[in-house]
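> Dropping the structure in here first, questions after.
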Ligand code: SAM
């Protein structure tokens, strides 16, 4: 595999995932990370941060629909939404599909990610142009700490727990997120791979349960082809939510609907065991 034609993400020096590319569209070092975008036949355009797959045009809809719609289904008409990370704009593009949302704040630490995705991933980042959206270039942990009792829904769409994203997997950050929710507000965190980041996943669930309460933290799953191991986890933190409860029907999405909603909260046996 010659590196002039293949982008290769090497994960922990033991496994790799690769895609052949036709052209490298963007390659710059920001204050926080290396930002690359490739044109590929198999997965469309692909955003890479510090050598890791972040978003591909092929499977972005799975990740962004599953980060956003389960929480939208169980939160009473959220009006003020905060997204931490998510600089590709994909989560914003899903949130603005709800007319009852008054404002979406995207708190992304790296302006270069937003600029590159606006230019090269126009469909994924389309929601950034909605008049209800405000983009803030700051550390999400500092931002949320200063805003107690402000949001109805907080979505944490971070990179892996290294560098600036490390704090987004700390218990203190989870507490600041909870404190920043209004009465009846909920939060969702992307909590990594149960296959290849078992410790990170289990630690996140444990810390979230300490902050939000053991009955209010609900892991759920989806398969994201470009992420290490495919199977990916999220945690919905919502008081009073019962995973078995039916979700309202949502039309015209490409991955999520009320059947997928219910199935997503059914943890595979090996995951239930690791969380026991
Ligand atoms: N869906 C991807 C995943 O699951 O790995 C993440 C998408 S998005 C590109 C992740 C974003 O989090 C990056 O743009 C990164 O700059 C941002 N980020 C990392 N740490 C952050 C922090 N402390 N505050 C705000 N944004 C942060």
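Read-outs: derived from the displayed coordinates by stated rules, not from any lab. Predicted, not measured: the structure shown is a model, and the values here were computed from it. Reconstructed Cβ throughout: ideal geometry from the backbone, glycine too, with neighbour counts over all protein chains shown.
> Label-point separation (nm) for residue 214 and residue 30, each offset 7 Å from Cα along Cα-to-Cβ?
Those two pseudo-labels are separated by 3.9 nm.
> Additional query: Show that you can apply the helix-only estimate: for the chain, add -39,500 (n - 2.57) for every DSSP H stretch of four or more residues, divide by all residues, and state [θ] at 222 nm to the nearest 500.
For the chain, the value works out to -8000 deg cm²/dmol.
> Please work out, to two decimal places, the log10 of the ratio I(q)/I(0) at q = 0.07 Å⁻¹ from a Debye calculation in which every Cα of the chain carries one identical scatterer.
-0.23
> Tell me the label-point distance for the pair residue 149, residue 251, using the 7 Å Cα-to-Cβ offset, in nm and rounded to one decimal.
Here the modelled spin labels are 4.0 nm apart.
> To the nearest 10 degrees, how steep is helix 198-212 against the longest Cα principal axis of the chain, on a 0 to 90 scale?
Approximately 30 degrees, to the nearest ten.
> Moving on. On a full-extension model of 0.36 nm per residue, what is the gain between residue 42 and residue 77, subtracting their alpha-carbon distance, rounded to one decimal in nm?
Here the segment from residue 42 to residue 77 would lengthen by 8.8 nm.
> If packing is taken as the average number of other Cβ atoms within 10 Å across a peptide's residues, how do 45-55, 125-135, 78-88 rank, most packed first?
78-88, 45-55, 125-135
> I would also like to ask the following. Please sort 11-18, 220-227, 150-157 by packing, taking for each peptide the average over its residues of neighbouring beta carbons within 10 angstrom, highest first.
150-157, 220-227, 11-18
> Report, in degrees rounded to the nearest 10, the 0 to 90 angle that the Cα long axis of helix 60-74 makes with the longest principal axis of the chain.
10
> Then there is this: Compute the FRET efficiency between residue 266 and residue 23 as 1/(1 + (r/R0)^6), taking r as their Cβ-Cβ distance and R0 = 30 Å, and round to the nearest 0.05.
0.15
> If each of residue 166 and residue 137 carries a label point 7 Å out from its Cα toward its Cβ, how far apart are those two points in nm?
Modelled inter-label distance: 2.4 nm.
> Of the listed peptides 237-246, 95-104, what is their order by residue-averaged count of other C-beta atoms within 10 Å, with the highest listed first?
Sorting 237-246, 95-104 by mean packing, highest first, produces 95-104, 237-246.
> Here's something else I'd like to know. Please work out the FRET efficiency for the pair residue 179 and residue 206, using the Cβ-Cβ distance as r and a Förster radius of 22 Å; give the result to the nearest 0.05.
Given R0 = 22 Å and the Cβ-Cβ separation, E is 0.70.
> In degrees, nearest 10, range 0 to 90: what is the angle between the Cα axis of helix 111-120 and the longest Cα principal axis of the chain?
With rounding to tens, the tilt is 70 degrees.
> Okay, moving on. Taking a spot 7 Å from the Cα of residue 16 along the direction of its beta carbon, which residues of the range 44-86 have an amide N less than 15 Å from it?
It comes to 51-53, nothing else.
> Once you keep just the Cα pairs under 8 angstrom separated by 6 or more residues, what percentage relative contact order results for the chain?
Relative contact order, the chain: 15 percent.
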